[in-house]
1. Given the criteria modelled with pLDDT under 80 and either open to solvent by 40 Å² or more (accessible area, probe 1.4 Å) or within 16 Å of LEU62 (Cα to Cα) (or both), does TYR105 qualify?
2. Just to verify a result, which residue in region 53-86, among those that are within 19 Å of ILE106 (Cα to Cα) and of a type in the set (Gly, Ala, Ser), is surrounded by the most Cβ atoms within 10 Å (Cβ to Cβ)?
3. Tally the residues that are in a loop (DSSP other than H, G, I, E, B), loosely packed, with under 14 Cβ neighbours inside 10 Å and modelled with pLDDT of 75 or more, restricting the search to region 114-133.
4. Specify the residue that is most open to solvent (accessible area, probe 1.4 Å); the eligible residues are those in region 11-27 that are under 17 Å from ASN46 (Cβ atoms) and at pLDDT 90 or above.
5. Is it the case that some residue within region 135-151 is under 13 Å from the mean Cα position of the chain (by Cα) and either of a type in the set (Gly, Ala, Ser) or in a strand (DSSP E or B) (or both)?
6. Sort out which residues of region 87-97 are more than 19 Å from ASN60 (Cα to Cα) and either among the aromatic types (Phe, Trp, Tyr) or open to solvent by less than 50 Å² (accessible area, probe 1.4 Å) (or both), and write them in order of number.
Amino acid sequence: EIMFLSGISVYKSVDGGENWSESANGLSINAGVERSEIEMSESNDNTIYVLCSNPTLHFNYLYISTDRGDSYSIITQLDKSPPSRTSLAVDETDVNNIYVTTSNYIKRVVNVNGIWSVSPFYLPIPHMDVHELKFEPNTNVIYASTDGGLSVSYDNG
């Protein structure tokens, strides 16, 4: 019954899509955001991640909600990407393993013992313009869709 919708802001429905309300408490939506991506992991549906593309401020921001989208807090600030090349994927088996596109590259964001860190992710891709990242359900297989084709990693990169 709980559904989310993202665009410039984030919206939540608790009745299967009959009614929607903005679910942006803690997000800097009104500060020039052109696109937001929203994802959750099958391993923990209380945890929601939002990646906001803000070309005006020259950054992308990654947020987390641990209360099913009632409130959000910032995890990290990342280099900007054009809104059409902003993507977010959460590991289906580990809610603390996230992949984002930033500056036309893929970055891995991980939480180890409560500390978030960002590192490059070296998925061999045919072209740097990554448009979409997606995990195969309940696996560690991740796909990257680019202007140059589709790439896949069978072992979390």
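The values are calculated or read from the model by the stated rules, or taken from the named source; none is laboratory data. Everything numeric here is computed off the predicted structure, so don't read it as measured data. Cβ atoms come from the backbone with ideal geometry, glycine included; neighbour counts cover every protein chain shown. Each accessible area value is taken on the protein alone, full model and side chains, heavy atoms only, with ligands, DNA and RNA left out. Shrake-Rupley method; radii C 1.70, N 1.55, O 1.52, S 1.80 Å.
1. Answer is yes for this residue.
2. If we take residues in region 53-86 being within 19 Å of ILE106 (Cα to Cα) and of a type in the set (Gly, Ala, Ser), then SER53 is surrounded by the most Cβ atoms within 10 Å (Cβ to Cβ).
3. 1
4. Looking at residues that are under 17 Å from ASN46 (Cβ atoms) and at pLDDT 90 or above, I get VAL14.
5. Among the residues of region 135-151, at least one is under 13 Å from the mean Cα position of the chain (by Cα) and either of a type in the set (Gly, Ala, Ser) or in a strand (DSSP E or B) (or both), which makes the answer yes.
6. ASP91, GLU92, VAL95, listed by residue number.
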